[in-house]
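Enquirer: Okay, here's the structure, questions in a sec.
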Amino acid sequence: MASKAKLVIGIIRGSHGLTGKFKVESTSGECEHFFKLDEVTVKNDLLEKTFKVESVEGNSNSLLMKLEGINSPEDAKKFQGSEILVPRDKASPLKEGEFYVEDLKQCKLVYFSDEKSTKKGLAAKSDTAIEAGIITDVLEGGSGKLLEVELSERVKAMSDSADKRVLVPFNNEFIGTVDLNDKVVQLMHLWILE
């Protein structure tokens, strides 16, 4: 799935030393792709700016980055909590069963009440399909990733809960097929939305 959107590969966690370096947490847990970067975009609530990368050192447990124009601890502290974004081709390569968060956002979460429907393909229209909602984000949970889902009106009407958003564990017990081409993700159990 091709997209021109930039992907978040890291979060700036704080300054390091006296030269404007900062500590970076890799969002994928991988760090090899950081060493190949020439420039990155730094984004927070107040700004989005592209910088040339002067140096990257360390490993996935302790990654340090120096960007051109950030030359003191005070400069580096201004960016604490900011996201580091890069074009898709500069992000960590995906392994089988992995997805970029940006690709999962805005996918429909759909439950099929019979198995025959899923064999036709997730995008196929089916009388047994219930659109549960739209995936709005992927969050880090204590035991893994959680899909943040804005519930559809139909599911909200079926539920006793007034919650408009729920969290669904992103694992094989609750999530089946992921079809990024048609932006559809299969929900295995409706009860998890209650």
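The values are calculated or read from the model by the stated rules, or taken from the named source; none is laboratory data. Small disclaimer: the values here were computed from a predicted structure and weren't measured. Note: ideal-geometry Cβ built from the backbone for every residue, glycine included; neighbour counts use all protein chains shown. Protein only, heavy atoms only, side chains kept; ligands, DNA and RNA dropped before computing areas. Shrake-Rupley method; radii C 1.70, N 1.55, O 1.52, S 1.80 Å.
Enquirer: Using a Förster distance of 25 Å, how high is the FRET efficiency between THR41 and THR19, based on the Cβ-Cβ distance and rounded to 0.05?
Expert: Efficiency, rounded to the nearest 0.05: 0.70.
Enquirer: Between GLU68 and ASN171, take the C-beta separation as r, use R0 = 45 Å, and let me know the FRET efficiency to the nearest 0.05.
Expert: It comes out at approximately 0.65.
Enquirer: Over the chain, with every protein chain in place, what whole percent of the accessible area is carbon and sulfur at 1.4 Å, could you tell me?
Expert: Within the chain, the accessible surface is 47 percent carbon and sulfur.
Enquirer: Tell me, what are the semi-axes, in whole angstrom and largest first, of the equivalent ellipsoid of segment 22-70 as set by the roots of 5 times the Cα gyration tensor eigenvalues?
Expert: 18, 13, 10
Enquirer: For ASP182 and LEU139 in one chain, what is 0.36 nm times their gap in residues minus the Cα-Cα distance, to one decimal in nm?
Expert: Stretched out fully, the ASP182 to LEU139 stretch lengthens by 13.3 nm.
Enquirer: Can you order the peptides 85-97, 30-42 by their average number of other Cβ atoms within 10 Å per residue, highest first?
Expert: Packing proxy ranking, top to bottom: 30-42, 85-97.
Enquirer: Shifting gears a bit: Near the amide H of GLY20, under 5 Å away, which other amide H atoms are found, from residues 5 or more places off or on another chain, if H is placed in the peptide plane?
Expert: SER72
Enquirer: Provide the per residue accessible area, probe 1.4 Å, for the chain, rounded to a whole number of square angstrom.
Expert: On a per-residue basis, the chain sits at 59 Å².
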